[in-house]
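Just so it is clear, none of the values below were taken in a lab; they were calculated from the coordinates. Keep in mind that what you see is a predicted model, and the values were worked out from it rather than measured. Cβ coordinates were reconstructed from backbone atoms using ideal geometry, including for glycine residues, and neighbour counts include every protein chain displayed.
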Amino acid sequence: MKRVTVAALCLFASALVVVPAAFAADVADANTKAMAEIMINVRHYASDADKEKLKKIAADAAVPAHERAIATAILNLNHSAADADKAKLDAIVKDAAAPQPVKDLASVVAGLNHKASDADVAKLKAIAK
């Protein structure tokens, strides 16, 4: 009986650890996908509606720092990324711990020149799917 109780408690404790982490990953994926979709359509700067979405991502303390930095960089776009944002985006691209879709998104934003190139749009569509 003790073994069953201990096993049940272990399973419950494992669920408490795994489920929130999985949920956080889904939220992060959703933010990355949303920003990729925004970037597909950016021409010089984000639309007002897109800026509202980006402000929510950038202000949410639960969103990973890399994603908040990317959202801020997209908010600050004016034909291209601001120099201060480019430095942060380059650091994200070089960060071994950053997920590949986040690195790809940061790379596209850092290299933007009025709009995403055809190659960058292909990357963005892969992230957004």
**Report entry** trypsin sites (Lys or Arg not before Pro) restricted to region 55-99 and DSSP loop, no more than 16 other C-beta within 10 Å
**Finding:** none
Query raised in the report: What order do you get for E52, E67 when you list them from fewest to most C-beta neighbours inside 10 Å?
Result: E52, E67
Report summary line: If amide H atoms are modeled at 1.01 Å from N in the peptide plane, then the residues at a separation of 5 or more from Y45, or on another chain, having amide H under 5 Å from its own are H79
Report summary line: Once H79 and V121 are pulled to full extension, the length gained, defined as 0.36 nm per residue separation minus their Cα-Cα distance, is 13.5 nm
Report summary line: The extension gain from D95 to D60, computed as 0.36 nm times the residue separation minus the Cα-Cα distance, is 10.5 nm
Report summary line: Semi-axes in Å, largest first, for region 26-128 (Cα gyration tensor, √(5λ)) are 17, 15, 14
